[in-house]
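Encoded as structure tokens, the structure appears first; notes follow it.
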Amino acid sequence: ALVRNGQTVETWNRDGGTSTEQSYKNIPFYITNRGYGVLVNHPQCVSFEIGSEKVSKVQFSVESEYLEYFVIDGPTPKDVLNRYTQFTGRPALPPAWSFGLWLTT
């Protein structure tokens with residue numbers, strides 16, 4: 001679990017390179033401790049402000065004329081993730097051989 005209270009977190013996709021906090025595949029989705037998750041359906045930068053001096057809960061914003069988001073009910077985190085993957089799609093199971101021994105030199 002990530003606790004980001006008092007922070008503003010911006011998610012966007014770009015080549016982060018090495019030694020940065022940037023990620024290649026950001027998904028603007030979070031799960032609350034109140035039994036629901038939120039997916040912000042936006043391809044560009046999404047800014048989340050979490051429990052700061054200005055915001056008592058969570059606020060998210062985009063630089064656009066439209067905002068589309070989905071609230072996914074739980075009641076448990078497992079239920080939220082199940083419904084999230086029903087909505088967005090589930091990854092395929094890797095082939096059995098990929099779970100075997102990995103060796104590097």
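The values are calculated or read from the model by the stated rules, or taken from the named source; none is laboratory data. Keep in mind that this is a model prediction, so the values were computed, not measured. Cβ: placed from backbone, ideal geometry, glycine included. Neighbour counts: every protein chain shown.
The figures follow:
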read-out: Cβ-Cβ under 7 Å pairs, at least 6 apart or on other chains, the range 45-57 side of a type in the set (Val, Ile, Thr), far side part of a loop (DSSP other than H, G, I, E, B) and surrounded by 16 or more Cβ atoms within 10 Å (Cβ to Cβ); value: VAL46/PRO28
read-out: Residue match in the range 5-20 (condition: within 11 Å of the chain's Cα centre (by Cα), modelled with pLDDT under 80, part of a loop (DSSP other than H, G, I, E, B) and not aromatic (Phe, Trp, Tyr)); value: no
read-out: Odd one out for ARG90 among (1) in contact with a Pro (Cβ under 7 Å, 6 or more places away or on another chain); (2) at pLDDT 90 or above; value: (1)
read-out: Where a residue in the range 25-41 is touching a residue at least 12 places away in the same chain (Cβ under 8 Å) and over 14 Å from ASN82 (Cα atoms) and its partner, wherever it lies, is among the hydrophobic types (A, V, I, L, M, F, W, C) and surrounded by 14 or more Cβ atoms within 10 Å (Cβ to Cβ), with Cβ under 6 Å and at least six apart; value: PRO28/VAL40; PRO28/VAL46; VAL40/VAL46; VAL40/PHE60
read-out: Contacts under 9 angstrom Cβ, first residue in the range 72-99 being aliphatic (A, V, I, L, M), partner modelled with pLDDT of 95 or more and exposed (fewer than 10 other Cβ atoms within 10 Å of the Cβ), 6 or more apart; value: none
read-out: Residue within the range 81-96 that is of a type in the set (A, V, I, L, M, F, W, C), surrounded by 14 or more Cβ atoms within 10 Å (Cβ to Cβ) and in contact with a strand residue (DSSP E or B) (Cβ under 7 Å, 6 or more places away or on another chain) present; value: no
read-out: Positions within the range 46-105 being part of a loop (DSSP other than H, G, I, E, B) and of a type in the set (Ser, Thr, Tyr), in sequence order; value: SER52, SER56, SER64, TYR66, THR76, THR104, THR105
